[in-house]
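Let me begin by presenting the structure, written as structure tokens, before commenting on it.
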Ligand code: DC
């Protein structure tokens, strides 16, 4: 397992929360606004799940799954202004977003060995600052000393509705009730696992995005980060 390092200077900003709360879009906008690097840790787990899926090893064989992950290289690259994720040099940004890969990702993300691999890589990528990392355990495990922590949530119904609209816009045949049920099932898997479960860090600022627009959330977060940058001095900007 290896990865490309991204090391500008500045604060470490952690954004955790359940799927569908708007984390990816909000993190992308916030990182662009601050001129920070966006690290989508979910995409890293997804890329490893794709490697496992392609390898054909049984998903419940921890040793074989881990061996596949250890042989894989996950990195980020930039393509036409967009951040993309690569697996062994191949851009897999679209391939990792299918429902099958989502489910397999949630499963392998519960494995201690897989988490340890990505933990090391995520710390390497973020430790110099100037980063916004999004995930489930950034403020609790990856960077418990992050300068700013947010916990972004929204009601399961709203998160399911957003996901449903997203899939429908891609032309996929989807059912709203089923999508909401899938969101709830994934929450259960993410919060109930033994290793680094999804939970809010005690010092995280909670934001409920159910009734807020993306711009409203980004604005609120940017206000907090800029305030922290001012108190940290010029090196953090
Ligand atoms: O954020 P996402 O939907 O792309 O995440 C995909 C899966 O990976 C999800 O089931 C949670 C898991 N994940 C995790 O366990 N820890 C992270 N830091 C990021 C994602």
Quiz item: Do we find that residue 214 is in contact with a helix residue (DSSP H, G or I) (Cβ under 9 Å, 6 or more places away or on another chain), surrounded by fewer than 17 Cβ atoms within 10 Å (Cβ to Cβ) and in contact (Cβ under 8 Å) with a residue 12 or more places away in the chain in this structure?
Solution: yes
Quiz item: Among 103, 118, which is touching a strand residue (DSSP E or B) at 6+ places or on another chain (Cβ under 9 Å) and assigned to a helix (DSSP H, G or I)?
Solution: 118
Quiz prompt | Filtered residues of region 57-66 (kept if surrounded by 14 or more Cβ atoms within 10 Å (Cβ to Cβ), free of Cβ contacts under 8 Å to residues at least 24 places away in the same chain and assigned to a helix (DSSP H, G or I)) | solution = 64
Exercise. Scan region 89-103 residue by residue and report those that are surrounded by 20 or more Cβ atoms within 10 Å (Cβ to Cβ) and more than 15 Å from the chain's Cα centre (by Cα).
Key: 92
Practice problem: Collect the residues in region 32-43 that are in a helix (DSSP H, G or I) and either within 10 Å of the ligand (Cβ to nearest atom) or surrounded by 23 or more Cβ atoms within 10 Å (Cβ to Cβ) (or both), keeping them in residue-number order. | Solution: 41, 42, 43
Exercise. Please verify whether region 44-56 includes one or more residues that are away from the ligand (no atom under 16 Å from the Cβ), in contact with a strand residue (DSSP E or B) (Cβ under 9 Å, 6 or more places away or on another chain), touching a residue at least 60 places away in the same chain (Cβ under 8 Å) and over 21 Å from residue 205 (Cα atoms).
Key: no
Self-check item: Pick from region 68-85, criterion more than 12 Å from the ligand (Cβ to nearest atom) and under 15 Å from the mean Cα position of the chain (by Cα), ranking: surrounded by the most Cβ atoms within 10 Å (Cβ to Cβ)
Solution: 74
Quiz prompt | Residue that is surrounded by the fewest Cβ atoms within 10 Å (Cβ to Cβ) [pool: residues in region 166-206 that are within 19 Å of residue 22 (Cβ to Cβ) and away from the ligand (no atom under 16 Å from the Cβ)] | solution = 169
Quiz item: Out of region 108-142, which residues are crowded, with 17+ Cβ neighbours inside 10 Å, farther than 19 Å from residue 11 by Cα and more than 8 Å from the ligand (Cβ to nearest atom)?
Solution: 108, 111, 114, 117
Quiz prompt | Which listed residue, of 78, 54, is outside any loop (DSSP other than H, G, I, E, B), over 26 Å from residue 209 (Cβ atoms) and modelled with pLDDT under 95 | solution = 78
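The values are calculated or read from the model by the stated rules, or taken from the named source; none is laboratory data. Being a predicted model, the structure only gives us computed values, none of them experimental. Counting neighbours? That spans all protein chains shown, and the Cβs are built from the backbone with ideal geometry, glycine included.
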